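The values are calculated or read from the model by the stated rules, or taken from the named source; none is laboratory data. Being a predicted model, the structure only gives us computed values, none of them experimental. Glycine also receives a Cβ, built like all others from the backbone with ideal geometry; neighbour counts cover every protein chain displayed. The protein model used for the area step is the full one, side chains on, heavy atoms only, and it has no ligands, DNA or RNA in it. Shrake-Rupley method; radii C 1.70, N 1.55, O 1.52, S 1.80 Å.
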Amino acid sequence: MRRRIALALLVLPLCACAPKPDTTAQTLGLDCRQPFEAQAAKLTAQPGLKPAPRDYAEPYLYYSSEDGRTSYLITQKGAPGHPAIMMQRAAGGQVKTTGCPYGDKHGYDQLMKYLDGLKTWRR
């Protein structure tokens, strides 16, 4: 019994130091060939995706993977460029923003510029 406990105490710290698995490969990418509603439903149904608290003053829904490396923005009625879905992925110290512009191109471009500007924002 003591031997098992001692072995467990040796192995436990090793497990704690193990690198976290890269879940960005597990999150879905965007497929702009899919209709807006179908793609939004598929993305938000992913296991482990966390919705951000809803701000009813903003016409967007935000979702992030548990590790925070993948985020989705889904526009709601009244948002610039609606309907549109944006995705940001962090890897290698960089954040890449992609999206599917289903609606107004000018509004979508504004939204893309806004999201890209957030990448350089510092406190």
### Task
Considering only residues that are closer than 21 Å to GLY103 by Cα and in contact with a Leu (Cβ under 7 Å, 6 or more places away or on another chain), look in segment 43-64 and name the one that is least open to solvent (accessible area, probe 1.4 Å).
LEU43
### Message
Please pick out the residue among TYR56, TYR102, TYR114 that is hydroxyl-bearing (Ser, Thr, Tyr) and closer than 18 Å to LEU30 by Cα.
### Response
TYR102
### Query
Of all residues in segment 65-100 being open to solvent by 50 Å² or more (accessible area, probe 1.4 Å) and touching a residue at least 60 places away in the same chain (Cβ under 8 Å), which is farthest from ALA52 (Cα to Cα)?
ALA91
### Task
Please identify the pairs in which a residue from segment 106-117 that is closer than 11 Å to ALA79 by Cα has its Cβ atom under 6 Å from the Cβ atom of a residue that is surrounded by 13 or more Cβ atoms within 10 Å (Cβ to Cβ), counting only partners at least 6 apart or on another chain.
GLY107/PRO80; GLY107/GLY81; TYR108/GLY81; TYR108/ALA84; TYR108/PRO101; GLN110/PRO80; LEU111/PRO80; LEU111/GLY81
